[in-house]
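This report refers to the structure that appears directly beneath it.
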Amino acid sequence: MSSAPFTHEPVGATRDDLTFCPPGYRPLLVRARLGEGQKVFDRAAEAVLTWEMHRAIGVGITAAADRAAPGVDVTVSLAGLVRAPCRIIWTTEEPRRAGWAYGTLAGHPECGEEAFVVDRTGDGTVWLTVAAFSKPASWYARAGGPATRGLQHAYARRCGTALRRLCEGLTEE
């Protein structure tokens with residue numbers, strides 16, 4: 001764990017409100033239906049908490065721990081070209097909700113916070129929510145403009161697709 005400061009404020013804002021977006025940042029909120037039942041929830045929660053979902057979408061993950069926990073440093077790499085250093089801000093492991101959020105550190109192309117949360121609703125449906133607030137921090141993120149936003153949304157949708165695939169065949173009838 002490093003002591004490098006986060007590059008955004010307020011740190012931890014996504015914990016209580018996944019739709020929160022401070023002034024000057026852009027929101028992202030993508031939900032994906034994963035299936036139904038406790039087995040789907042348990043599998044999805046474990047895949048999110050252990051970086052398996054991220055690895056399944058083809059991004060590189062270098063983490064200071066095998067499981068998400070507050071204070072764990074994580075670097076996400078895309079195609080070996082873009083390195084995005086982050087630190088886990090919060091985690092949750094509840095009977096119907098599991099996930100975490102990380103905040104950006106110096107060197108990340110964006111500035112902000114992103115959460116990955118699996119929840120099981122009252123009817124048993126299991127969902128992944130990817131929520132973030134961000135703004136460009138690097139010249140290439142700024143230069144990318146709307147294309148950068150499109151890539152962020154595609155990344156979030158791909159998380160849902162990969163997690164759904166990891167949970168195939170587990171839906172309870």
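The values are calculated or read from the model by the stated rules, or taken from the named source; none is laboratory data. Just so it is clear, the model here is predicted, and its values are computed rather than measured. Cβ atoms come from the backbone with ideal geometry, glycine included; neighbour counts cover every protein chain shown. Note: areas computed on protein heavy atoms with side chains; ligands, DNA, RNA excluded. Shrake-Rupley method; radii C 1.70, N 1.55, O 1.52, S 1.80 Å.
Over the chain, DSSP H runs of length four or greater, each weighted -39,500 (n - 2.57), average out per residue to a 222 nm ellipticity of -7500 deg cm²/dmol. Using a probe of 1.4 angstrom and keeping all protein chains present, the accessible surface of region 19-173 works out to 45 square angstrom per residue. The listed residues Trp90, Trp139, once ranked by accessible area (1.4 Å probe) with the largest placed first, stand as Trp139, Trp90. Rg/Rh for the chain (Cα atoms only, Rh after Kirkwood) is 0.95. Net charge of the neighbourhood of Glu168, taken over other residues with C-beta under 12 Å away and scored Lys/Arg +1, Asp/Glu -1, is +4. Take region 117-173, drop everything but the C-alpha atoms, weight them equally and run the Debye formula without solvent; then report log10 I(q)/I(0) at 0.14, 0.15, 0.16, 0.30 Å⁻¹ to two decimals. Once normalised to I(0) and log-transformed, intensities are -0.53, -0.59, -0.63, -1.23. The share of accessible area on region 39-173 that comes from carbon and sulfur is 55 percent, using a 1.4 angstrom probe. The long axis of helix 38-49 is offset from the longest Cα principal axis of the chain by roughly 20 degrees.
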